[in-house]
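The values are calculated or read from the model by the stated rules, or taken from the named source; none is laboratory data. In this text, all values refer to a predicted model and were calculated from it rather than measured experimentally. FYI the Cβ positions are ideal-geometry reconstructions off the backbone, even for glycines, and counts take in every protein chain you see. For accessibility, only protein heavy atoms count, side chains too; no ligands or nucleic acids. Shrake-Rupley method; radii C 1.70, N 1.55, O 1.52, S 1.80 Å.
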Amino acid sequence: MNIGPLTTAFDEDIEGVVLKEYVVYRVKDNNLTREKFIRRYHGDGDYTDHSESAPLSPIGFTLEGKIPGVTGK
(Lines give C-alpha, C1' and ligand atoms only; values in the text may rest on other atoms or scores of the structure.)
Protein backbone atom coordinates (compact mmCIF):
# COMPACT_ATOMS: atom_id res chain seq x y z
CA MET A 1 0.00 0.00 0.00
CA ASN A 2 1.28 3.46 -0.89
CA ILE A 3 1.72 6.15 1.71
CA GLY A 4 0.00 9.32 0.53
CA PRO A 5 -1.14 12.66 1.92
CA LEU A 6 -4.32 11.21 3.44
CA THR A 7 -2.39 8.60 5.43
CA THR A 8 0.08 11.24 6.54
CA ALA A 9 -2.74 13.58 7.64
CA PHE A 10 -4.30 10.88 9.82
CA ASP A 11 -1.00 9.78 11.34
CA GLU A 12 0.49 13.24 11.92
CA ASP A 13 1.01 14.92 15.28
CA ILE A 14 -2.33 15.76 16.91
CA GLU A 15 -1.12 18.66 19.05
CA GLY A 16 -3.81 21.36 18.94
CA VAL A 17 -6.20 19.20 16.89
CA VAL A 18 -9.79 19.14 18.21
CA LEU A 19 -11.58 17.36 15.35
CA LYS A 20 -10.85 15.29 12.23
CA GLU A 21 -13.42 14.35 9.57
CA TYR A 22 -13.20 11.86 6.73
CA VAL A 23 -16.02 11.96 4.13
CA VAL A 24 -16.77 9.28 1.53
CA TYR A 25 -19.39 9.57 -1.22
CA ARG A 26 -20.58 6.11 -2.28
CA VAL A 27 -23.33 4.63 -4.46
CA LYS A 28 -25.26 2.32 -2.14
CA ASP A 29 -28.67 0.76 -2.84
CA ASN A 30 -29.06 3.00 -5.96
CA ASN A 31 -28.53 6.16 -3.90
CA LEU A 32 -25.61 8.54 -3.69
CA THR A 33 -24.72 8.27 -0.01
CA ARG A 34 -22.43 10.42 2.16
CA GLU A 35 -20.54 8.55 4.88
CA LYS A 36 -18.83 10.72 7.46
CA PHE A 37 -16.29 9.53 10.03
CA ILE A 38 -15.48 11.94 12.86
CA ARG A 39 -12.81 11.84 15.56
CA ARG A 40 -13.15 14.36 18.40
CA TYR A 41 -10.08 14.87 20.55
CA HIS A 42 -10.39 15.58 24.27
CA GLY A 43 -8.04 17.72 26.33
CA ASP A 44 -6.52 14.65 28.03
CA GLY A 45 -5.23 13.19 24.74
CA ASP A 46 -8.09 10.71 24.41
CA TYR A 47 -10.60 10.80 21.54
CA THR A 48 -14.12 9.68 20.61
CA ASP A 49 -15.00 8.26 17.18
CA HIS A 50 -18.39 8.65 15.53
CA SER A 51 -19.77 7.82 12.09
CA GLU A 52 -22.93 8.72 10.20
CA SER A 53 -24.41 7.89 6.82
CA ALA A 54 -27.06 9.76 4.83
CA PRO A 55 -28.60 9.07 1.41
CA LEU A 56 -28.34 12.20 -0.76
CA SER A 57 -29.94 11.42 -4.11
CA PRO A 58 -31.23 8.48 -6.16
CA ILE A 59 -28.88 7.25 -8.89
CA GLY A 60 -30.05 5.89 -12.21
CA PHE A 61 -33.61 5.09 -13.16
CA THR A 62 -35.92 2.20 -13.76
CA LEU A 63 -38.67 1.80 -16.32
CA GLU A 64 -40.79 -0.25 -13.93
CA GLY A 65 -44.22 1.33 -13.61
CA LYS A 66 -43.58 3.67 -16.54
CA ILE A 67 -44.05 1.20 -19.41
CA PRO A 68 -46.45 -1.72 -18.90
CA GLY A 69 -44.61 -5.02 -18.56
CA VAL A 70 -41.12 -3.52 -18.18
CA THR A 71 -39.30 -4.43 -14.97
CA GLY A 72 -35.59 -3.97 -15.81
CA LYS A 73 -33.33 -0.97 -15.90
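Here are the numbers for the structure shown:
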quantity	calculated
Boolean, residue 19 is under 17 Å from the mean Cα position of the chain (by Cα), surrounded by fewer than 10 Cβ atoms within 10 Å (Cβ to Cβ), at pLDDT 80 or above and not aromatic (Phe, Trp, Tyr)	yes
Extreme residue, nearest to residue 15 (Cα to Cα), among residues of region 44-72 that are open to solvent by 90 Å² or more (accessible area, probe 1.4 Å) and at pLDDT below 85	61
